[in-house]
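All remarks here apply to the structure that follows.
What follows draws every value from the coordinates through simple rules; no lab data is involved. Everything numeric in this text was worked out from a predicted model, so none of it was measured. Heads up, the Cβs are rebuilt from the backbone with ideal geometry, glycines too, and the neighbour counts pull from every protein chain shown.
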Amino acid sequence: MPAERDKVYWQWLVVRLQQGNSAAAQELIDAFQRPLLFYLRRMLQSEDDAWDCLQEIWISTLRGIRRLRSPEAVGPFIYRVARNHALLHLRLRKVTLDLHDDDSLEAAASTQDITFTSHDAAAIHAALDRLPHGQREVLILFFLDDLSIQEVSEVLSVPAGTVKSRLFHAKRALRGILTEMGYSHDC
C-alpha cells in the first residue's frame, strides 16, 4: 500500500490541479509514471504499446481530474483511466480477453495466503505472462501495484467480494503455472 503521506500528497496535487496550477500536473505524472508503466507493460505485454498508451492516459487523466469529486480517489481514478485505455488498445489489436473467470464468492479465500520473495520475481513474471488477461490484471493491481481490495474494486467496477474471488482463482492459476514450469515454492 502506498504510504499515507503519499496519498495525502496526491490529494494535494489534485486540489492544486483543480485550482488551475499546471505545475501540479507534472508532479502527478512523476508520482504515477513508473507504476503505471509497469502496469501497462504487464497488461499490454509490449514496451512500445505501453508507452503509446501512457501518453493517451495522461491526456485523459488531466482532462478528467478537474471533475474528480473526491481527491482521495485519485489513485483508483488514474488506474481506471489506464485500464480503460489498455482495454481499448487491446480491443483495437483484436486481442481476445478473458476478463471474467469464475466469480463465485463461495470460492474466495484470504488474499494473504501466498507470499514470494524478491528472488522469485523472474519465475512469477514469466508465469504472469501466461495467465489470462483478467487474472493477470487483478494480481498486478493487488500485489504489484499495491492497491487495496476496495481500490481494485473501484478500478475494475466490481464488488469487493468479486475481487477476492478473482484473486483466489488467479493465485491458484499462477500456482499451477509455476508448478508446471518446475518452479518449487511453498505456496
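In whole angstrom, note down how far apart the Cα centers of segment 18-62 and segment 63-81 are.
Cα centroid to Cα centroid, the span is 13 Å.
Just add up the charged neighbours of ASP52: K/R +1, D/E -1, any other residue whose Cβ is under 15 Å from the Cβ of ASP52.
So the environment of ASP52 carries a net charge of -1.
Please give the net charge around ARG34, taking every other residue with its beta carbon less than 15 angstrom from that of ARG34, where Lys and Arg add +1 and Asp and Glu add -1.
Residues close to ARG34 contribute a combined charge of -4.
May I ask you to sort LYS7, LYS171, LYS94 by Cβ crowding, counting other Cβ atoms within 10 Å and putting the fewest first? Kindly include the intermediate steps, with their values, before the conclusion.
Values: LYS7 15, LYS171 20, LYS94 6.
Neighbour counts put them in this order, fewest first: LYS94, LYS7, LYS171.
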